[in-house]
Each structure stands twice: as structure tokens, then as C-alpha cells.
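The values are calculated or read from the model by the stated rules, or taken from the named source; none is laboratory data. The structure presented is a predicted model; accordingly, all values stated were derived computationally and were not measured. With ideal geometry, Cβ positions are generated from the backbone for all residues, glycine too; neighbour counts draw on all protein chains shown. To get the accessible areas, we keep the full protein, side chains included, count just its heavy atoms, and leave off ligands, DNA and RNA. Shrake-Rupley method; radii C 1.70, N 1.55, O 1.52, S 1.80 Å.
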Amino acid sequence: MHIVFAASECVPYVKTGGLADVVGAVPREVVSLGHRATVYLPYYRQVRERAPEKAVAIHSLTIPFQYYNRFSAILDGGVHDGVQFYFVDCPEMFDRESLYATQTGDYPDNWERFGLFSRAVLEAAKQLGVPDIFHAHDWQTSMIPVYLRTIYYFDPALRNAGTVLTIHNAGYQGWFPPQTTERLLLPWEIFTMDRVEHYDTFNFLKGGIVYSDAITTVSRKYAEEIQTPEFGEKLDGVLRTRAADLHGILNGVDYKEWDPATDHNIAAHYTPENLEGKKECRRDLLHAFGAEHVADETPVLGIVSRFATQKGFDLIAQIAPRLLSGDVFLIALGTGEPYYEGLFRTIQNQYHGTASIKIAYDSILAHKVEAGADIFLMPSRYEPCGLNQIYSMKYGTVPVVHATGGLDDTVDEWDAATQVGSGFKFMNQTADDFYSALERALEVFRNDKKSWVQIMRNGMAKSYTWQKPAKEYVDVYQQVARRRS
Ligand code: ADP
Ligand code: GLC
């Protein structure tokens, strides 16, 4: 089979979160299972800086909008690990400072940017290879299934192609004014409650859910959660109508990048059998965060994250007076919403003896935190999968997490009686529950070193490679292809 992956992020070209890691990995794995994979990405400024002067595959595609056309070239990004890359080049849409938003908010023309991208992928595929499956990711590429089943319905070249949509995060849906329907040249008939209309907005993700042949999301638990009013972000109703076609496929991680035995970003290597190197990594981390004064027995708590409402950092602020007046040291690395950057700056100012915060996006430091911290904090309100808790377990950095989505699927609670478990979980996303899970962790860390090492080793023994999830994706592609043929 030939799969076209259309996404708004992909490592190593451009990344703001886990979506990029997943889109970087799945196509490669699909190729290793004997299939053909092509990835389309917007040619953002950030991509151009990494991959300048690419050969032109298509000089000019005409992408019509309501009163005008835009024109996009397709650049050939070459073949890497068997995966063909193409970039959709439309400078007025993508040659910008950021991917989606600036400090003042989302780009108002995001509907046009990602509408154009989605339509360009369909048009480009007609010349460069129509796949068996178009695999779209999140709201940004949700117009692919919508176009295919509406205004491209009669196109003989695309008729047999199937569509799969992966929801990495139902919290971001792409809401735009109703007029977006006609601006994207879509018929008004689809602006109804059972299609793209959502509380009087045009909702990209809802369109993707309604029109895709199959839908996947990135953990089993999140697949259940998004069908409930609590986690469905007001899409639970439409997701329940698609329950038979909705699959939870847990993300894998790339252990070539994330393994303390080989990681070239960290100060020393270590393994479950020989943990000595982790001490060196801890010293190196404390040095990088200007915290050499922290004593050896003080537990170092780490955070690496987008600073977004989803991530639940309000709880950090709420427990800070209790937690950071004690014998712990908090290290956080992240960027994102101004409110949460402010929240962390305040923590830094109030507790400069027990916290060090860096408002930055820095991949090398992210590895250093995973390796150097003792405990990793993820109090997320919701977490479709979450990669950092999986990394942290591999690095023997014990996660303390809210039992939601992929966090619940990947971390098991430590049980002193059986010596089983790789972390600590709390059921209700409240300051008290979070604090008590942290206290359980700190209690073992301080008073029972032997058990602590066992928890570390339990986590390090876990393996979340891409092999199994890649097979599950291929199963879904095959089911869809069978239905369409
Ligand atoms: P999400 O996709 O919701 O942001 P994930 O846990 O799935 O959450 O993935 C986050 C990814 O982004 C991880 O690979 C993590 O290391 C990386 N990341 C997040 N924030 C930063 C940062 N400030 N610096 C470096 N890497 C970061
Ligand atoms: C999203 C989710 C995260 C998930 C990632 C990759 O950004 O927030 O939980 O791991 O996508 O699927």
C-alpha cells in the first residue's frame, strides 16, 4: 500500500510538540513493514531554514478560494529512511515567524493556510502519486477527508483513496466563522450539525471526524475519554456516532533518540544494571540550571512541556507554597501561553532557592532534564498520549502523573507489597491529590532507596517501540482500503 501522511509538524523539520515525533516515526515504520510512505509538510520558514533550496517537483498548483486563487509550488524534500518528503511552498501563507500563532494570538487566516495546505496535498498527489490512504493528523489537515468526499467526489483519480484521521489532541479543533464554508468553496449543505457546523462555527476537526473512513487517537484510554462530555471537548456526541471506526493506538517512542545508554546529549551514559552515570547527569543538569548548591539527597523534580492549559500547571502553582518551602528542587523547561509562562516566572521569583525555570524550547536541555531529574511531573488535565512520561521511565526518572489518557495507559502505580509499578498516579486533578501522590513518591525516595531503585528499574524495563503501533496503523489502513475497493 501507499500511504500519504499530511501533517503540520514532523521531526526533524519542524516541531512544537509530540505530533512532530509521531509523524516523524510512523511513516518510517510503515516503510519497514513493506509499504510506501510519502509525507507532505508546509514549507514554513523553519522548514526552509533546515532544508533550503530544494528541487521543484511541481512549479505551480492553482488553489482556488471564493474570490481569488492562490498558487503553491511543491518542493522535493528527498527520500529519508525510505520515506519521500514533499513541501508545500506558498510563502505568503507559511513564511512566517511562527507555525500557528504569535504572542497576540492565532493567525486569523489559519483556515486559509491549512485549507490551502490540504487542497494542495490532494492536487499534488494527483501528479506525484495517489495513495491508497491519505492519513491526516489533527485539525490542520482535516479538510483532506472533507474535500475528498464533497467537491472532489467525482474525481476519478481520487475516488478510491481512503482516509484516516488521527486525533492527537481534541482540544484544538480549528474553529472559524460560518462563512469559512464558502471561502473554502465548500457547499453550504455541509454546514449542518451532523457535519462541519459546531455551535455556529465551522469546525475543521469535526469535519475530519465526520468524513474520514476511520479515526484513530493516540491511546486506548483517550479513545474512551473523548466519547464522554468531560473530555470530549464538545465533540463527544459526534465521536460516539463514529465509535465503530474509532481506534486507540498508543504512541511509540524513538529509543534511538531517547535512551540513556546511548544518548549523546547527556553528560554520562547509564543502564538499569549500572545507574552510576545518572549521578553525573544530575550534576550536569543542576549546573545547566544554575543550581549547583542542591544537595545530593534533595529530590530534583523535572518538567519539560508546552506551557498550555492542557498541561495542568495551575496545580504546580497551588502546591508551590507547601512543596517549595521543603527540601526539594524544581526544574522546569517550557514555552507557550503567556499566562503559564508568567505563572512559572512568578514561581521562579518567589522560590529562587528551590526552583529554577527556563522559558525556552531547547531539545538538548529536554534530554538533560529527562536524565538528570529524579522525579518527572505531569499533572495534565488531559493527555491524549504524552511522550515525556515514556521518556522519563526509560531514563529512570520516576513519573508522577494524573491518571488520564496515555498517562494512565503507560504508568502503573508503585505497589510496595509486590514491588511492581513504575510511577505514582492521582485520580482527581486537584492540588490535594497531586500533592499526596508526590508525597508518596518523596516518601519512598527519602526513606527506602532500595524500593526507589526498583521503581526506576521497572520503568527502564518498559518498552514502547513503534513496531506494535505501526502494525496497528497498517491494520486500520487495510480495513479502510478493503472497504473502498
Ligand atoms: P504535547 O505534544 O502535548 O506537547 P508530548 O508529551 O506528546 O506532549 O510531546 C512533547 C514533546 O515536545 C516531547 O518530545 C518533549 O520533549 C518536547 N518538548 C516540549 N516542550 C519542550 C521544550 N520547551 N524544549 C524542548 N522540547 C520540548
Ligand atoms: C498531542 C498530545 C500528546 C500526544 C501528542 C502526540 O500533542 O497533547 O499527548 O502525545 O499529541 O500524539
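As an exercise: evaluate Q429 against (1) in a loop (DSSP other than H, G, I, E, B); (2) buried (at least 16 other Cβ atoms within 10 Å of the Cβ); (3) in contact with a Ser or Thr (Cβ under 7 Å, 6 or more places away or on another chain) and give the number of the one condition it does not meet.
So the condition that Q429 fails would be (3).
Kindly indicate whether any position in the stretch 354-365 is surrounded by 24 or more Cβ atoms within 10 Å (Cβ to Cβ) and either within 15 Å of G302 (Cα to Cα) or within 15 Å of ligand 2 (Cβ to nearest atom) (or both). Can you show your working first?
To start, the set of residues in the stretch 354-365 that are surrounded by 24 or more Cβ atoms within 10 Å (Cβ to Cβ) comprises none.
No; the residues of the stretch 354-365 include none that is surrounded by 24 or more Cβ atoms within 10 Å (Cβ to Cβ) and either within 15 Å of G302 (Cα to Cα) or within 15 Å of ligand 2 (Cβ to nearest atom) (or both).
From the set of residues in the stretch 368-382 that are touching a Lys or Arg at 6+ places or on another chain (Cβ under 8 Å) and assigned to a loop (DSSP other than H, G, I, E, B), which is most open to solvent (accessible area, probe 1.4 Å)?
Top of the filtered list is R381.
Being within 16 Å of ligand 2 (Cβ to nearest atom) and either at pLDDT 95 or above or in the same structural domain as S98 (by TED's automatic domain parsing) (or both) is true for just one of P42, P27. Which residue is that?
P27
Can you tell me which residues in the stretch 158-172 are small (G, A, S) and open to solvent by 10 Å² or more (accessible area, probe 1.4 Å)?
Matches in the stretch 158-172: G171 only.
Residues A417, A431, A371: which one is free of Cβ contacts under 8 Å to residues at least 24 places away in the same chain and out of contact with any strand residue (DSSP E or B) (no Cβ under 9 Å at 6 or more places or on another chain)?
Working: A431 fails: free of Cβ contacts under 8 Å to residues at least 24 places away in the same chain; A371 fails: free of Cβ contacts under 8 Å to residues at least 24 places away in the same chain.
Going through A417, A431, A371 in turn, the sole match is A417.
Scan the stretch 398-417 for residues that are hydrophobic (A, V, I, L, M, F, W, C) and within 11 Å of ligand 2 (Cβ to nearest atom) and report the count. Before you say what the answer is, go through the steps one by one.
Filtering the stretch 398-417 down to residues hydrophobic (A, V, I, L, M, F, W, C) leaves 398, 400-401, 403, 407, 411, 414, 416-417.
Next, only the ones that are within 11 Å of ligand 2 (Cβ to nearest atom) stay: 407.
Residues meeting the conditions: 1.
Run A332 past the list (1) within 8 Å of ligand 1 (Cβ to nearest atom); (2) open to solvent by less than 40 Å² (accessible area, probe 1.4 Å) and report the number of the one that doesn't hold.
(1)
Within the stretch 247-270, count every residue that is of a type outside the set (G, A, S) and away from ligand 1 (no atom under 15 Å from the Cβ). Spell out the reasoning first.
First pass over the stretch 247-270, keeping only residues of a type outside the set (G, A, S): 247, 249-251, 253-260, 262-266, 269-270.
The next check asks that each one be away from ligand 1 (no atom under 15 Å from the Cβ); those that pass are 247, 262, 264, 269-270.
Matching residues across the stretch 247-270 total 5.
Can you name every residue in the stretch 17-36 that is of a type outside the set (D, E), part of a helix (DSSP H, G or I) and within 16 Å of ligand 1 (Cβ to nearest atom)? Spell out how you get there, then give the answer.
If we filter the stretch 17-36 for residues that are of a type outside the set (D, E), which is where we start, we get 17-20, 22-28, 30-36.
Filter again for part of a helix (DSSP H, G or I), leaving 18-20, 22-28, 30-32.
Passing the criteria: G18, L19, A20, V22, V23, G24, A25, V26.
Considering only residues of the stretch 444-471 that are open to solvent by 20 Å² or more (accessible area, probe 1.4 Å) and not in a helix (DSSP H, G or I), which is farthest from A371 (Cα to Cα)?
The residue in question is D448.
Output the number of the condition that C90 fails; it satisfies all remaining conditions of (1) within 16 Å of ligand 2 (Cβ to nearest atom); (2) open to solvent by less than 10 Å² (accessible area, probe 1.4 Å); (3) closer than 16 Å to F117 by Cα.
Checking C90 against (1) within 16 Å of ligand 2 (Cβ to nearest atom); (2) open to solvent by less than 10 Å² (accessible area, probe 1.4 Å); (3) closer than 16 Å to F117 by Cα, the one that fails is (1).
Do we find that R440 is out of contact with any strand residue (DSSP E or B) (no Cβ under 9 Å at 6 or more places or on another chain) and open to solvent by 20 Å² or more (accessible area, probe 1.4 Å) in this structure? Spell out how you get there, then give the answer.
Working: out of contact with any strand residue (DSSP E or B) (no Cβ under 9 Å at 6 or more places or on another chain): no; open to solvent by 20 Å² or more (accessible area, probe 1.4 Å): yes.
Spelling it out, it is not the case that R440 is out of contact with any strand residue (DSSP E or B) (no Cβ under 9 Å at 6 or more places or on another chain) and open to solvent by 20 Å² or more (accessible area, probe 1.4 Å).
Listed here are the residues, each with its yes/no results for (1) out of contact with any Asp or Glu (no Cβ under 7 Å at 6 or more places or on another chain); (2) within 16 Å of ligand 1 (Cβ to nearest atom); (3) more than 30 Å from E472 (Cα to Cα).
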position	(1), (2), (3)
Y172	no, yes, no
P187	yes, no, yes
M193	yes, no, yes
H198	yes, no, yes
I209	yes, no, no
S212	yes, no, no
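If I filter the stretch 173-183 down to residues being within 27 Å of the chain's Cα centre (by Cα) and at negative phi, which single residue comes out as surrounded by the fewest Cβ atoms within 10 Å (Cβ to Cβ)? Full working, then the answer.
Here is the first cut: in the stretch 173-183, the ones within 27 Å of the chain's Cα centre (by Cα) are 173-177, 180.
The next check asks that each one be at negative phi; those that pass are 173, 175-177, 180.
Working: Q173: 23, W175: 19, F176: 21, P177: 11, T180: 21.
Across the stretch 173-183, the extreme among qualifying residues is P177.
Scanning the stretch 185-208 for residues that are open to solvent by less than 40 Å² (accessible area, probe 1.4 Å) and out of contact with any strand residue (DSSP E or B) (no Cβ under 6 Å at 6 or more places or on another chain), which turns out farthest from R381 (Cα to Cα)?
L186
Looking at A214, A223, A243, which is the one that is at pLDDT 95 or above, aliphatic (A, V, I, L, M) and open to solvent by 20 Å² or more (accessible area, probe 1.4 Å)? Before the answer, list the steps.
On the way: A214 fails: open to solvent by 20 Å² or more (accessible area, probe 1.4 Å); A223 fails: open to solvent by 20 Å² or more (accessible area, probe 1.4 Å).
It is A243.
Of all residues in the stretch 285-329 being open to solvent by 40 Å² or more (accessible area, probe 1.4 Å) and within 16 Å of ligand 2 (Cβ to nearest atom), which is farthest from A366 (Cα to Cα)?
Among them, the one singled out is T309.
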